[in-house]
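The values are calculated or read from the model by the stated rules, or taken from the named source; none is laboratory data. Everything numeric here is computed off the predicted structure, so don't read it as measured data. Because the Cβ atoms are built from the backbone with ideal geometry, glycine has one as well, and the counts that use them run over all protein chains shown.
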Amino acid sequence: MKLPIYMDYHSTTPTDPRVLEAMLPFFSENFGNPASRQHHFGWIAEEAIESSRTTIAKTIGALPKEIIFTSGATESNNLAIKGAAEIYAQKGYHIITAATEHKAVLDSCKNLERRGFGITYLPVDKFGLISIEQLSEAITQKTILVSIMTANNEIGTIQDIAAIGKLCHDKNVLFHTDAAQAIGKIPIDVRNMNIDMMSVSGHKIYGPKGIGILFVRAANPKVKLMMQMDGGGHERGIRSGTPNVPSIVGIGKAMEIASLAFDEETSRLKSYRDKMWNSFQKNIEDISLNGHPEQRLVNNLNVNFHHVENSTLMMSMKDIAVSTGSACTTGDPEPSHVLKALKLPSDRLHSAIRFGLGRFSTEEEVDYVIDKVVKNVQKLREFSSAIKFKNQNTNVL
Ligand SMILES: *Cc1c(COP(=O)(O)O)cnc(C)c1O
C-alpha cells in the first residue's frame, strides 16, 4: 500500500489511464480545429467530438444535439441559470434553488438577485433533503426555473430528482440539476426524470479538469439559453470558443467507463463505506453521521467526531487525504454552508470529516484509515480531557 492515501474523491479524481490514452492522440497527430470544415485535420477532430457527444448522450438517455461542452460544472451551472433567466425574464423573474447547493449555483443566483430577480432558497431537513411540498408551494406564476442538485458534494444526500422533475413539468417550470457528484453513482435518465438541464464535470468522474457538460433539452419543452460567452457560435450558438478536443474525447470516455463499471463500482464502494461507518460506530463513542442514512452517495461518509476539532484530527493523520468540507471554498475558516443548513448544534460545525471513496480505493486503504482514525480520535480526546483536568487544577490553585 502506498502512502499518502487519497480519500477525497468528491473534490477531484485522478484521470483514468484509459481516458488519458484516448485523449493523447488529440494533443499531437490529431490536433485539428473541428471548425476547419475544409480539410482532413478538421474532419478528424469534428468526428471525435461528435462521437463523444453520441456516447455521452446514450449514457444519460439524451440526444447527441442536447449535449453542450463547457469548461466544467461551474460554467454549466452559470450557463444554465443565467442563460435561462435572461431568455425567460419576460415570463417571470422568480427562481427556486436550495440552501445546500454548490457555490456555482448559489452565486449565479445571487448575481441574478442583484439584477432584480427574486430567488427562493429552500431550506433542507436534518438529512439535507428539500421538501417536495415546500417546493410546490414556492412555485408561482412568475417562476421560470428550479435548480436542485442531484447529490450533495459534502454530505452525499441524494434528492428525489424524479419527483422534483415531475412537479416542475406539471407546473410548466424548467428544471436544472447539478449532477457533478451523482454521475456514475446513481442511474440517471434525463427523460424519465423530467430533467431539462443537467451539469456534469469531467474531473469528478475520472476525466480531465477543465471540461464539463450541460445537457439542454431540445423538445417537450425545448429549452433556450442566452449564451454567456460571445463568439464564433460553437455548440449550437450556446457556447462559443474552439472546442477542447482532447478533453471532450476524455469526458466521453469517462462517461462510457462510468456507465460500464456502474454495478461493480457502486457495490464495491458501498461495501467500503459501510465497513468504515460500522467500524467507527463500534470503536468510537460520540459520533454522528451528516446527511441521509440511506438516500446518500455510495462513496460518501461525512462524520462528526464530537469534541474533536476536524482540522486537528486531519493534522494528526497527514498520510490520509480527507476533507473538512467543500474543497471549492477551502482556505475559508467559516463552517460550511451545507452543515449550517442542517442546523447542527454549533459545536458540531467544526468536527465534521468527509471521507470520499473512489475507483482506486482499496480495502487495505480502508482498513488503514479506520485504524488510524479510531486511534487518533481517542488520543486527541484523551489529550484534551487531560488539558481540561490540568486547567481545572490550576483554577483550584
Ligand atoms: C465539483 C463540483 C462543481 C464544480 O465543477 P468544476 O468542473 O470543478 O467547475 C459543481 N457542482 C458540484 C456538485 C461539484 O461537486
Taking the stretch 201-232 and the residues there that are within 14 Å of the ligand (Cβ to nearest atom) and charged (D, E, K, R), the one that is nearest to V190 (Cα to Cα) would be K204
*Has the stretch 258-271 got at least one residue that is in contact with a strand residue (DSSP E or B) (Cβ under 6 Å, 6 or more places away or on another chain), hydrophobic (A, V, I, L, M, F, W, C) and assigned to a loop (DSSP other than H, G, I, E, B)?*
no
Q: Scan the stretch 58-65 and give yes if some residue there is surrounded by 16 or more Cβ atoms within 10 Å (Cβ to Cβ), touching a residue at least 40 places away in the same chain (Cβ under 8 Å) and within 24 Å of S11 (Cβ to Cβ), otherwise no.
A: yes
- Item | Flag if A62 is part of a loop (DSSP other than H, G, I, E, B), within 20 Å of A218 (Cα to Cα) and of a type in the set (A, V, I, L, M) | yes
Only unsatisfied item for L79, checking (1) aliphatic (A, V, I, L, M); (2) closer than 17 Å to P243 by Cα; (3) part of a loop (DSSP other than H, G, I, E, B), is (3)
Counting only residues in the stretch 313-336 that are surrounded by 14 or more Cβ atoms within 10 Å (Cβ to Cβ) and at pLDDT 95 or above, the one nearest to the ligand (Cβ to nearest atom) is identified as S323
The number of residues in the stretch 155-180 that are part of a helix (DSSP H, G or I) and crowded, with 21+ Cβ neighbours inside 10 Å is 4
ask   = Do the conditions hold for I183, that is, is it in contact with a Phe, Trp or Tyr (Cβ under 8 Å, 6 or more places away or on another chain) and either within 11 Å of the ligand (Cβ to nearest atom) or part of a strand (DSSP E or B) (or both)?
value = no
Of the residues that make up the stretch 65-72, is at least one away from the ligand (no atom under 16 Å from the Cβ) and in the same structural domain as G233 (by TED's automatic domain parsing)? yes
Going through the stretch 374-397 in order, the residues found to be at pLDDT below 80, of a type in the set (K, R) and under 19 Å from D286 (Cα atoms) are K388
Requested in this report: Inspect all residues belonging to the stretch 147-154 and state whether any of them is in contact with a strand residue (DSSP E or B) (Cβ under 7 Å, 6 or more places away or on another chain), more than 16 Å from M197 (Cα to Cα) and surrounded by 24 or more Cβ atoms within 10 Å (Cβ to Cβ).
Outcome: yes
Of the listed residues (A138, A89, A80), the one being in contact with a strand residue (DSSP E or B) (Cβ under 9 Å, 6 or more places away or on another chain), away from the ligand (no atom under 16 Å from the Cβ) and under 18 Å from L225 (Cα atoms) is A89
Residue pairs qualifying under the 9 Å Cβ cut-off, at least six apart or on distinct chains, with the first in the stretch 120-133 being over 21 Å from L289 (Cβ atoms) and the second being surrounded by fewer than 18 Cβ atoms within 10 Å (Cβ to Cβ) and of a type in the set (A, V, I, L, M), are T120/A138; Y121/A99; L122/A99; L122/A138; I132/A163
Screening N304, N310, N290 for residues that are within 20 Å of E101 (Cα to Cα), among the polar types (S, T, N, Q) and surrounded by 14 or more Cβ atoms within 10 Å (Cβ to Cβ) leaves only N290
Exactly one of T100, T120, T150 is under 20 Å from L214 (Cβ atoms) and in contact with a helix residue (DSSP H, G or I) (Cβ under 6 Å, 6 or more places away or on another chain), and that residue is T150
Go through the residues of the stretch 25-45 one by one and say whether even a single one is in a helix (DSSP H, G or I), under 27 Å from the mean Cα position of the chain (by Cα), crowded, with 22+ Cβ neighbours inside 10 Å and not hydroxyl-bearing (S, T, Y). no
Residues in the stretch 102-135 that are small (G, A, S) and either surrounded by 20 or more Cβ atoms within 10 Å (Cβ to Cβ) or within 16 Å of the ligand (Cβ to nearest atom) (or both) total 3
